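Written below as structure tokens is the structure these notes are about.
The values are calculated or read from the model by the stated rules, or taken from the named source; none is laboratory data. Keep in mind it's a predicted model, so treat the numbers as computed, not measured. Note: ideal-geometry Cβ built from the backbone for every residue, glycine included; neighbour counts use all protein chains shown. When the accessible area is computed, the model is the full protein with side chains, heavy atoms only, and any ligands, DNA or RNA have been set aside. Shrake-Rupley method; radii C 1.70, N 1.55, O 1.52, S 1.80 Å.
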Amino acid sequence: MEIRKATPGDEKGIAFVQVDSWRTTYKGIVNDEYLEQMKAEDRQDLWMGIIQKPLEKSFLYVASINQEIIGFCSGGPNRSGRFPYESELYAIYLLQEYQRRTIGSSLIRHFAQNQYDAGYRTMLVWVLKDNPCKAAYEKLGGIKLGEEVIQIGKQQLTEEALGFDLAKLLQL
């Protein structure tokens, strides 16, 4: 498995992973109607834009096996400022068959190291309260900071903010 910065041409694989992992991870949490209408093709331009013009101190990494993208993570400065955490993991997704195999933890550590090297000492991530993968964040030292209700399609769901001390996360 290789973790590297995303480059032009990766947008198709990233979009596929995002949509496929939403459909498997959020089944039973997010309405089936919403999940079924998601299309990777609709997300490729978004990811291409992020690859071509990243925000300052923002990163987009892919995990691949035999040059096939199996997961990715993105993040950068804390977008909301709601909690006093400097950086934020915006998204992390893995194809279902690669979940629970430490690949997600490796992606998070890789991202955390780059955030630490960029001068950040703390990080937060927003995760759906009922996300079965939330335990992985807690295992890496994430502590609950608070929650908020968000809208996904026609549905209201609760998201939790988890905070990390990057030095402690990197020591695990």
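Subtract the Cα-Cα distance of residue 149 and residue 133 from 0.36 nm times their separation in residues, and report this length gain in nm to one decimal.
Full extension from residue 149 to residue 133 adds 3.9 nm.
Between residue 31 and residue 2, with labels modelled 7 Å along Cα→Cβ, what's the label distance in nm to one decimal, could you check?
4.2
Please compute the per residue accessible area over region 51-172 with all protein chains in place, 1.4 Å probe, rounded to a whole number of Å².
Result: 52 Å² of accessible area for each residue.
Which value in deg cm²/dmol, rounded to the nearest 500, describes the helix-derived mean residue ellipticity at 222 nm for the chain, given -39,500 (n - 2.57) per DSSP H run of n ≥ 4 and division by the residue count?
After summing the helix terms and dividing by residue count, I get -9500 deg cm²/dmol.
I'd like to know which of 94, 13, 84 lies farthest towards the positive end of the charge dipole of region 1-115, counting +1 on Cβ of Lys and Arg and -1 on Cβ of Asp and Glu.
84
Given Cβ point charges of +1 (Lys, Arg) and -1 (Asp, Glu) and nothing else, what value in debye, to the nearest 20, does the dipole of the chain about its Cα centre take?
So the magnitude is around 420 debye.
If I compute solvent accessible area with a 1.4 Å probe over the protein chains, what percent of it on the chain is carbon and sulfur?
Within the chain, the accessible surface is 47 percent carbon and sulfur.
Within the chain, which complete DSSP H helices have Cα atoms spanning at least 30 Å along the helix axis and a mean Kyte-Doolittle hydropathy of 1.0 or higher?
Flagged H segments: there are none.
Over the Cα atoms of the chain, compute the convex hull volume and normalise it per residue, giving Å³.
112
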